[in-house]
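Down below is the structure, laid out as structure tokens.
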Amino acid sequence: IDSILKDAKSMIERKSGKSEVTDMDAGSRKRKREGDDAHEKEKIMKMLEEADEIEDFDAARLRTLLSTFTKAIEKNVERRMKFPDEPNKFMDSEVKVNTLLQELHGLAANPELFPEFIRLKGIPPMIGLLSHENTDIAIEVVDLLKELTEPEIANESEGLYDLLVDELVKNDMIKSLVINLERLDEKEDEDKQAVHNTLGIFENLMEYAPEVAPTKLTADTKLLDWLLKRLRRGLFDENQLYASEILSMLLIRGGPPVIILGEKGGLKKLVRCVAGYRKKDPASLDEVELVENMFNCMCSTLDRNKKNQMAFAQADGLQLMVTMIRKKRYTQAAALKVLNYSITDSVANCEKLIDSSGLKAVFKAFMQRGKISKKHRKELEANEEHILHCIVQLFLHLSDVRYLRLLNKFQENGFEKIERLVELHEKYFRYLEDQELAWKRDHPGKVEDPDVRYHRRLEGGLYCLQLCALLLALISSAGEKTIIDRVIQLLSQQDSSLKDVQETLEEYHNSLADDKSGKKMKGILNNVLQILEGKDPEDNDEKVVVAPTIVKVEEKKIKTEKVKIEKTEEKVKTEKKEAEEDMGAL
């Protein structure tokens, strides 16, 4: 059929080309075309008649094919055992097996035959061929499995796809595919394509069952090891990009894959993978995608996981992120995001960030200004959110000298950091105000559901406004009169006040869930709001979590005052004693 189509195509091309005869009249040209058409039709019909008859792929055909397939495998095993060192004796049987595998591709176009294929026990011998000594046969099986697991079949098969995939997984398809991956040599084009098809099968499974597949793919297999190894191997290519996509898909939902990756030292390997981009930028859009996938993998692994956060710090991940933020290369934005995930709710990592000279890098990014196009506005706002969240985490988890170093950042250079913070507060306040006016203009007289309104405002920058308000409250409640005076002055210049800050924090408080982390943040907000109102947090009847930074600073101030009083009393006693001695001498 390929030959027929090729000849037909060449005939059409010849027919559409310009005639070499230029002096022929219109009538003779028409008669010539009609004669050519008749001749071409006659030739094509003759070729179709001579072509082999195409056999329908039905249940009877499948039974015959599987019977022949099983016998061909048995014969191949027998010949290989009998003549292990004489390939010419068993090569014919392997060609037969390969040919039959190619014929089984017809099954993908007939999902109604999946139950019959399972009943006839066609899956075990097919999966078994993944470990065949001849990798060409294993590659053909991979190609067949890729076609059988395409998600498009699920839309057409009404449950039959689920039946087939479940049976494939039960017969150790995943484990066999991972083992086969380890022996493929990507220097060979066929092996390279087989690797790509194998990763495609894993993607199909995760698309089919996103909640279950990641656990199935990583439990009792070495897939994570292979993916991490593949990310570090050789120059950038398509399979390296695909490996990063699969790893990102496996980790994005958290759960067992994240735990397994942490136990295997995966974070250290990921840090090494991205370390090369601290001095260079990705060379192409595909490589940009690779880098983003690797950073996303780190974020998924670090997300509120104490063990992985510690492992990341031990792998010098914090220092690497600080370096990338300072370098201002393409990876700066991704590094800010990873840094945010690595210090969230981690006292140890917050302290290590300060000890690694991370404050300077974070606040340098915080102070970055400049005009930005609408195209890159979302990226800028995401960066600002990560920076603000990092600073909030530092305030909530640092104490003593480290906390004072953080607070001092807002006092240095004429309170420029406070000016920047008030500027961001005003920016997001105006964003939301403009969005509210636009919504009311587009929906006159309509009452919006409170939850819908809150989520709409979150998408419009509400969370950044809440972080700005929380930071303003934290630095204002630190006990430094010069800071709170400057905050009030700058807010008033923007026609705003601490009352606006309090209202934002009250809305933030009311939106929080009643889980463990929500209750903790509610407690912190309660204390901050009471300090802003001039009340003592200890007078609060509710049992709340006390913000460690505020309490420790207050305790430190009290100790400092006590020391000053003691020194004054000692000085008075000394002066009194000296006066008595002088009187005695007189």
Of all residues in the range 249-270, which are open to solvent by 20 Å² or more (accessible area, probe 1.4 Å), of a type in the set (A, V, I, L, M) and assigned to a helix (DSSP H, G or I)? Met249, Ile259, Ile260
In the range 499-511, residues that are farther than 16 Å from Glu433 by Cα, without any contact (Cβ under 8 Å) to a residue 12 or more places away in the chain and either among the charged types (D, E, K, R) or not in a helix (DSSP H, G or I) (or both) total 1
Just to be sure, is Thr135 touching a Lys or Arg at 6+ places or on another chain (Cβ under 9 Å) and surrounded by 13 or more Cβ atoms within 10 Å (Cβ to Cβ)? yes
Arg326 versus (1) of a type in the set (Lys, Arg); (2) free of Cβ contacts under 8 Å to residues at least 40 places away in the same chain; (3) within 25 Å of Gly255 (Cα to Cα): which is the lone unmet condition? (3)
Is it the case that the range 329-348 has a residue that's part of a helix (DSSP H, G or I), charged (D, E, K, R) and more than 21 Å from Gly265 (Cβ to Cβ)? yes
Within the range 499-509, residues open to solvent by 30 Å² or more (accessible area, probe 1.4 Å) and touching a helix residue (DSSP H, G or I) at 6+ places or on another chain (Cβ under 8 Å) come out as Asp500, Gln502, Glu506, Glu507, His509
Return yes or no: is His455 surrounded by 15 or more Cβ atoms within 10 Å (Cβ to Cβ) and within 30 Å of the chain's Cα centre (by Cα)? no
When the range 80-102 is examined, which residues are found to be open to solvent by 70 Å² or more (accessible area, probe 1.4 Å) and either among the basic types (Lys, Arg) or under 44 Å from the mean Cα position of the chain (by Cα) (or both)? Lys82, Lys89, Val95, Lys96, Gln102
The range 98-115 residues that are closer than 17 Å to Asn155 by Cβ, paired with ones that are of a type in the set (Gly, Ala, Ser) and part of a helix (DSSP H, G or I) (beta carbon under 6 Å, 6 or more apart): Pro111/Ser157
Residue that is most open to solvent (accessible area, probe 1.4 Å) [pool: residues in the range 485-498 that are among the aliphatic types (A, V, I, L, M) and without any contact (Cβ under 8 Å) to a residue 60 or more places away in the chain]: Ile488
Scan of the range 199-237 for residues that are part of a helix (DSSP H, G or I), of a type in the set (D, E, K, R) and within 21 Å of Lys269 (Cβ to Cβ), ordered by number: Asp225, Lys229, Arg230, Arg232
The listed residue being touching a Phe, Trp or Tyr at 6+ places or on another chain (Cβ under 7 Å) and open to solvent by 10 Å² or more (accessible area, probe 1.4 Å), out of Leu184, Leu217, Leu199, Leu163: Leu163
Test Thr149 against the criterion of being among the hydroxyl-bearing types (Ser, Thr, Tyr), surrounded by 18 or more Cβ atoms within 10 Å (Cβ to Cβ), touching a helix residue (DSSP H, G or I) at 6+ places or on another chain (Cβ under 9 Å) and under 23 Å from Leu184 (Cα atoms), and give yes or no. yes
Condition test on Lys364, is it among the basic types (Lys, Arg) and within 23 Å of the chain's Cα centre (by Cα)? no
Which residue out of Cys297, Cys273 is surrounded by 15 or more Cβ atoms within 10 Å (Cβ to Cβ), assigned to a helix (DSSP H, G or I), modelled with pLDDT under 95 and not charged (D, E, K, R)? Cys273
Can you work out which of the residues in the range 519-539 that are modelled with pLDDT under 80 and assigned to a helix (DSSP H, G or I) is surrounded by the most Cβ atoms within 10 Å (Cβ to Cβ)? Pro537
So is Lys446 within 33 Å of the chain's Cα centre (by Cα) and either over 17 Å from Phe363 (Cβ atoms) or not in a helix (DSSP H, G or I) (or both) or not? no
Could you list, in sequence order, the residues of the range 383-409 that are within 27 Å of the chain's Cα centre (by Cα) and either open to solvent by 40 Å² or more (accessible area, probe 1.4 Å) or among the basic types (Lys, Arg) (or both)? Glu385
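The values are calculated or read from the model by the stated rules, or taken from the named source; none is laboratory data. Fair warning: this is a prediction, and the values are worked out from it, not measured in the lab. As a convention, Cβ positions derive from the backbone with ideal geometry for all residues, glycine included, and neighbour counts pool all protein chains shown. Surface accessibility is based on the protein's heavy atoms, side chains included, excluding ligands, DNA and RNA. Shrake-Rupley method; radii C 1.70, N 1.55, O 1.52, S 1.80 Å.
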